[in-house]
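The values are calculated or read from the model by the stated rules, or taken from the named source; none is laboratory data. Worth saying up front: this structure is predicted, and the values here are computed from it rather than measured. Virtual Cβ from ideal backbone geometry, glycine too; neighbours counted across all protein chains shown. Heavy atoms of the whole protein, side chains included, go into the accessibility calculation; ligands, DNA and RNA do not. Shrake-Rupley method; radii C 1.70, N 1.55, O 1.52, S 1.80 Å.
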Amino acid sequence: MSRINIVRIHNELLGTYGDQGNAEVLVFRGKFHGITGNIIDVGYNDSLPTNGDIYLLGGAEDAAQLLSLQALQRDREVLDMVIERGAVILAVCAGFQIIGNTFWANNQEVEGLGLLDVTTSPGNKRFVGDVKVKSTNLKIDLTGFENHAGKTILGPTATPFGKVEVGFGNGDGKFDGAVSGNIFGTYMHGPILARNPEFADLLLTRSTGRKYAQITDPLASQYAAWRRKVT
């Protein structure tokens with residue numbers, strides 16, 4: 001039996017779009033693989049724990065996004081340490097922008113944490129709707145829902161999270177998100193792990209170093225076929 005700590009960062013700030021559900025999905029999927037998942041909720045005033053295996057950030061509006069960034073800057077040494085030892089980070093939407101190089105909030109450019117080599121500038125419209133991408137890591141279609149106004153450009157050390165088949169992704173309609181090692185950024189809400197359990201299994205694999213067989217059942221297979229029909 002494996003045990004992992006799932007750190008849900010600033011849920012009171014980054015919980016606008018239901019991304020906090022990603023933690024529950026990891027616990028649920030983990031049970032099938034013999035993994036006991038322990039969710040640690042970290043508030044704005046709390047210190048970031050050093051014993052996390054998976055760290056989760058969600059979406060938010062500008063003011064909350066800036067507060068979360070401020071708190072994470074305070075814990076920057078912890079972030080660097082956990083990344084160095086191979087912890088997994090999943091950052092969605094506002095969280096994705098926070099861990100990039102720069103982004104815009106409240107009409108000003110802000111320096112992010114620089115964990116992913118991406119820069120985000122204001123788009124010329126808001127990108128809202130269903131999104132489907134071909135996963136870079138899993139080579140399958142993943143689906144979600146996007147709601148953001150940022151246009152994100154990848155630098156040379158970042159790989160796209162996926163190639164857009166439906167929707168806008170990073171704002172160019174070509175790619176969504178970015179990946180570097182065990183750091184994953186995406187604009188896909190859903191929550192993304194509820195809509196794409198294969199991705200949840202990948203994060204569990206990365207966090208434990210063990211490869212897990214895919215779990216199949218008739219209901220899951222029907223759901224997978226339905227969600228990939230997003231057009």
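Determine the distance separating the Cα centre of the range 1-29 from the Cα centre of the range 104-136; give it in Å without decimals. Cα centres, the range 1-29 to the range 104-136: 21 Å.
In the chain, the portion of solvent-accessible area held by carbon and sulfur atoms comes to 52 percent [1.4 Å probe, whole percent, DNA, RNA and ligands not counted].
The relative contact order of the chain, computed from alpha carbon pairs under 8 Å that lie at least 6 residues apart in sequence, is 19 percent. Heavy-atom accessible area for Ile39, with the other protein chains in place and a 1.4 Å probe, reaches approximately 50 Å². Restriction of the GluC sites (Glu not before Pro) in the range 1-110 to DSSP coil positions whose beta-carbon has at most 15 other beta-carbons within 10 angstrom yields Glu12, Glu61. Tell me whether the chain comes out rounded, prolate or oblate; compute the Cα gyration tensor, take square roots of the eigenvalues as a ≥ b ≥ c, and use a/c under 1.5 as the rounded threshold. Here the chain falls in the oblate category.
Quick one: if the Förster radius is 30 Å, what FRET efficiency do Ile140 and Thr50 give, using the C-beta to C-beta distance and rounding to 0.05?
0.35
Indicate, rounded to the nearest 5 percent, the antiparallel portion of the DSSP beta bridges found entirely in the chain.
Values: 28 of 48 bridges.
Approximately 60 percent, going by the DSSP bridge assignments.
In summary, the lysines within cross-link reach of Lys174, defined as a Cα separation below 25 angstrom excluding same-chain residues under 8 places away, comprise Lys125, Lys132, Lys134, Lys139, Lys151, Lys163, Lys229.
What FRET efficiency would be calculated for the residue pair Glu84, Arg3, taking the C-beta separation as r and a Förster radius of 22 Å, to the nearest 0.05?
0.55
With a probe of 1.4 Å, find how much accessible area the range 22-66 has per residue, and write the answer as a whole number in Å². Mind showing how you got there, number by number?
On the way: 1860 Å² over 45 residues.
Roughly 41 Å² per residue, with all protein chains present.
Beta-bridge orientation, the range 45-134: approximately 45 percent antiparallel, per DSSP, counting only bridges with both partners inside.
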